Amino acid sequence: MIRHQFFPRSQGITPNIKEVIDCFCEVNQKIDSEFKNLSSNDVLKELKSPLVKIGFKVEVSKSKIDKINVPVLFGFDNKIDKAFNADALSGDGKIVIEVEAGRATENNQFLKDIFQACMMFEVEYLIIAVRNTYRGHPDFEIVHTFLETLYISNRLHLPLKDILLIGY
């Protein structure tokens, strides 16, 4: 079952974000964590075709040539000094998608995803996809509670316009 929450909750989902949600819904039966035990790479493989149709670049393997590098720091002559990898990136470079499986909450990977997206040049939206449950842990709920606290407390201001949390 695909679940999602947009943060901050005072903002509505944009048409581009809705297209991404539709991609997850399209492959729901192939990735549903209630019935499937897929790695994040396997989930990304299922999402590749629908995401490419809406203009995303999608990581197809972990080899260096297949990585999607998003610039973070620029040096002399506008050479990229530092970049972070993304699982998928919109054609205009404004939406980053990170798909997590087992490490989403156990290793706090979602926090690293947030930090890296905040550092990426011209990125405005982060989409974090996590399992609804993993080994009995309610990963979607855990990340949801964290993001809810982050936005309601208003103590930390992110440079991103919005974050979409998707549970699969």
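The values are calculated or read from the model by the stated rules, or taken from the named source; none is laboratory data. Predicted model, so just to flag it, every value in this text is computed and none were measured. Quick reminder, even Gly has a Cβ in these numbers, built from the backbone with ideal geometry, and neighbours come from all protein chains shown. Ligands, DNA and RNA are stripped out before the accessible areas are found, and what is left, the full protein with its side chains, is counted by its heavy atoms. Shrake-Rupley method; radii C 1.70, N 1.55, O 1.52, S 1.80 Å.
For this structure, a couple of remarks:
- Filter result for LYS79 (within 23 Å of MET119 (Cβ to Cβ) and at pLDDT 95 or above): yes
- Just one of (1) in a strand (DSSP E or B); (2) buried (at least 19 other Cβ atoms within 10 Å of the Cβ) fails for ALA101. It is (1).
- Any hit, region 45-55, residues being in contact with a helix residue (DSSP H, G or I) (Cβ under 6 Å, 6 or more places away or on another chain), loosely packed, with under 15 Cβ neighbours inside 10 Å and of a type outside the set (D, E, K, R): yes
- Within region 141-150, restricting attention to residues that are in contact with a strand residue (DSSP E or B) (Cβ under 8 Å, 6 or more places away or on another chain) and open to solvent by 10 Å² or more (accessible area, probe 1.4 Å), the residue that is nearest to LYS36 (Cα to Cα) is HIS144.
- Scan of region 34-71 for residues that are modelled with pLDDT under 95, of a type in the set (Lys, Arg) and over 26 Å from PHE115 (Cβ atoms), ordered by number: LYS36
- Residue check, LYS62 part of a strand (DSSP E or B) and either in contact (Cβ under 8 Å) with a residue 12 or more places away in the chain or farther than 22 Å from HIS157 by Cα (or both): no
- Qualifying residue in region 116-125 (condition: crowded, with 16+ Cβ neighbours inside 10 Å, touching a Lys or Arg at 6+ places or on another chain (Cβ under 9 Å), outside any helix (DSSP H, G or I) and of a type in the set (Phe, Trp, Tyr)): yes
- On inspection, HIS137 fails the criterion of being touching a strand residue (DSSP E or B) at 6+ places or on another chain (Cβ under 8 Å) and over 23 Å from LYS45 (Cα atoms).
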